[in-house]
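All remarks here apply to the structure that follows.
The values are calculated or read from the model by the stated rules, or taken from the named source; none is laboratory data. Predicted, not measured: the structure shown is a model, and the values here were computed from it. Cβ sites come from the backbone with ideal geometry, for glycine too, and all protein chains shown count toward neighbours.
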Amino acid sequence: MSGIRSSLSSILFKRVGLRSALLTPRKESSTCLSDPREISQDEPQENGIDHKLKSPRRKVCQPVLDHFDAQYTAELGSLWTSVRSVLLNPGCWQYGVMMNRFADVQELRTRLLELGYCSLLPQRHTTPPYVPPSHSPHGGSLECYVQRGPVRLPAPRHEPGYLKRYFLLNAASLLPVLALGVAENERVLDMCSAPGGKAVAILQTTCPGFLHCNEVDRHRCDWLSKTLESYVPADVMKTLRVTNQDGRDFGQTHQAAYDKVLVDAPCSNDRSWLFSPSELRGHQWLKERQKLPALQTQLLRSALAAVRPGGAVVYSTCTLSQAENHQVVEGVLATCPWVESEDLQEELLLANALSEHFVFAPPPPAPLWPPGLLVVPERIGHTWGPMYLCRLRRTR
Ligand SMILES: C[S@@+](CC[C@H](N)C(=O)[O-])C[C@H]1O[C@@H](n2cnc3c(N)ncnc32)[C@H](O)[C@@H]1O
C-alpha cells in the first residue's frame with residue numbers, strides 16, 4: 001500500500017521536486033491567538049522521506065484541559081466527551097486541500113482523486129484555467145478536496161515563477177467564506193486577515209471589485225502579503241489592498257464603504273491551547289481569554305458600521321466558547337436594531353450537502369435559538385472545526 005502511495009505521489013509532486021507524498025499528521029502550533037488552520041503553510045518540508053502515519057507526541061496542558069472540561073461540559077453537555085477525545089488526538093485530525101484556481105491544478109486534481117480524496121463541495125463546473133480578469137467574465141468556484149483519514153500533503157513550497165497550487169486548511173474554515181457569498185465586483189473587507197487563508201479562499205470564489213485585507217499585527221501583516229503573493233497573480237493583486245490597522249477603527253474611517261465584511265476574529269484557539277508549551281503559558285492564555293469577548297464585540301460593531309446598508313458581515317471564530325461566539329453576536333444584536341442575523345441552514349448546509357462532512361452542535365430549543373452555526377470536531381472522519389460562523393445583515 002505504501003509503495004502504491006509512494007509511486008502515485010512521486011508523479012504528483014514531480015514538479016515541486018518531492019520524491020514521495022508525505023502523508024503525515026501535522027504538527028500543530030501552540031501559539032496563542034493564532035489559527036491552527038494556518039500553520040501548515042510554513043512548516044519545514046521533509047523532502048524525500050516516506051512517512052508512516054503516526055501520532056505526534058505532545059503534552060496536554062492540564063490547566064487548560066481542566067478549564068475546558070468545566071466550561072464545555074456546561075455548554076455542550078455529553079457532546080464534549082467526543083469533541084474532547086478528537087481535540088486530544090491530533091493524529092486523527094483531517095486536512096483539506098484547497099486548490100488555487102490561478103495555478104495549473106489539473107494534474108493535482110487527478111492525483112488527489114486517485115489517492116482517495118473527494119470534493120468537499122458539489123462541483124458545479126470544473127474551474128477553467130486562469131485567464132486575466134479582463135478576459136474572464138466569471139469567477140471560479142471553491143474547490144477543496146478532503147479525505148476521511150488523517151492524511152496530509154506536505155505544505156506547498158515556493159517555486160520561483162509559479163504560484164502555489166494548493167493551500168492546506170481545516171475545511172470548516174471555508175464555511176465563513178461561503179457564508180459571505182461575495183459576488184463579482186463587490187467591495188470586500190477581510191478585517192482580520194493574516195495569514196490570509198480566507199482571503200485566498202474568497203478569491204477562489206469570484207473576482208471582487210476590491211478586496212481589502214487588513215491585519216493589526218505588523219509581523220503577521222508581512223506574512224499576509226507573502227501569502228497573497230504566493231497564490232494570486234499580479235493582475236489580480238491590483239484589485240487587493242493590504243493594510244496594517246486596528247480593525248476597530250474601520251467603523252469610523254470607512255463608514256458604509258463595503259458590500260461585505262469578514263470578521264474572522266482573534267479568539268481562544270481550542271486546538272492549540274490544549275497543547276500550550278507550559279502550564280505558565282496556559283494560565284496566561286486563560287487570563288487573556290477573558291478579554292477576548294470585549295475585543296470581538298468591538299471588531300464586530302466596527303464591521304457593521306463599515307458595511308453599507310443592505311450589506312452583510314460574517315463573524316467567525318475557531319473556538320467552541322459561547323462567550324466568544326453566540327454571546328458576542330447576541331450582545332451586538334441586542335443593541336443594534338438595524339442589524340438582523342440570517343439563517344444559514346438552507347442556503348449553506350442543505351444546498352451544499354455539508355452535513356455529510358461536518359458535525360454541527362445542536363442548537364437549544366427555540367426561543368433560545370442562538371444565531372449562527374458551530375462546527376464541532378466530533379469523531380474520526382468528522383474532525384473539522386471548531387468553527388463558529390454567523391451572518392448579520394445591516395438593514396439600514
Ligand atoms: C483567526 S486569525 C485570522 C485568520 C485569517 N482570517 C485567515 O483565514 O488566515 C485573527 C487575526 O486577527 C488579528 N487581530 C487581532 N486583533 C486585531 C484587531 N484589533 N484588528 C485587526 N486584526 C486583529 C490577529 O493578529 C490574527 O492575525
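Scanning the range 194-253 for residues that are more than 12 Å from the ligand (Cβ to nearest atom), in a loop (DSSP other than H, G, I, E, B) and in contact (Cβ under 8 Å) with a residue 60 or more places away in the chain yields Thr206, Cys207, Val232, Pro233, Thr239.
If you go through the range 183-193 and keep only what is away from the ligand (no atom under 13 Å from the Cβ), assigned to a loop (DSSP other than H, G, I, E, B) and within 20 Å of Gly251 (Cα to Cα), you end up with just Glu186.
Looking at the range 263-307, the helices (runs of 4 or more DSSP H) lying wholly inside it that each contain 3 or more residues that are of a type in the set (Gly, Ala, Ser) and within 27 Å of Ala199 (Cβ to Cβ) sit at 292-306.
Looking at the range 262-277 only, could you name the residues that are more than 7 Å from the ligand (Cβ to nearest atom) and closer than 18 Å to Leu87 by Cα? Answer for the range 262-277, where residues must be more than 7 Å from the ligand (Cβ to nearest atom) and closer than 18 Å to Leu87 by Cα: Ser268, Asn269, Asp270, Arg271, Ser272, Trp273, Leu274, Phe275, Ser276, Pro277.
Screening Val332 against (1) closer than 28 Å to Cys92 by Cα; (2) crowded, with 17+ Cβ neighbours inside 10 Å leaves a single unmet condition, (1).
Condition check ((1) of a type in the set (Lys, Arg); (2) at pLDDT below 95; (3) buried (at least 24 other Cβ atoms within 10 Å of the Cβ)) across all residues:
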| position | (1), (2), (3) |
| --- | --- |
| Gln204 | no, no, no |
| Phe210 | no, no, no |
| Arg241 | yes, no, no |
| Gly247 | no, no, yes |
| Leu262 | no, no, yes |
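Counting only residues that are among the hydroxyl-bearing types (Ser, Thr, Tyr) and closer than 21 Å to Arg393 by Cα, the range 154-206 holds 4 of them. The selection criterion, being of a type outside the set (Lys, Arg), more than 15 Å from Tyr166 (Cα to Cα) and buried (at least 16 other Cβ atoms within 10 Å of the Cβ), holds for Tyr72. Considering only residues in the range 184-193 that are touching a strand residue (DSSP E or B) at 6+ places or on another chain (Cβ under 8 Å) and not charged (D, E, K, R), the one that is surrounded by the fewest Cβ atoms within 10 Å (Cβ to Cβ) turns out to be Cys192.
For Val313, the test of being away from the ligand (no atom under 13 Å from the Cβ), of a type in the set (A, V, I, L, M, F, W, C), surrounded by 16 or more Cβ atoms within 10 Å (Cβ to Cβ) and in a strand (DSSP E or B) is passed. With the condition kept exactly as written, say whether any residue in the range 160-180 is within 12 Å of the ligand (Cβ to nearest atom), among the polar types (S, T, N, Q), under 15 Å from the mean Cα position of the chain (by Cα) and at pLDDT 95 or above. Among the residues of the range 160-180, at least one is within 12 Å of the ligand (Cβ to nearest atom), among the polar types (S, T, N, Q), under 15 Å from the mean Cα position of the chain (by Cα) and at pLDDT 95 or above, which makes the answer yes. Applying the set (1) surrounded by 17 or more Cβ atoms within 10 Å (Cβ to Cβ); (2) of a type outside the set (Lys, Arg); (3) within 18 Å of the chain's Cα centre (by Cα) to Leu108 leaves exactly one unmet item: (3).
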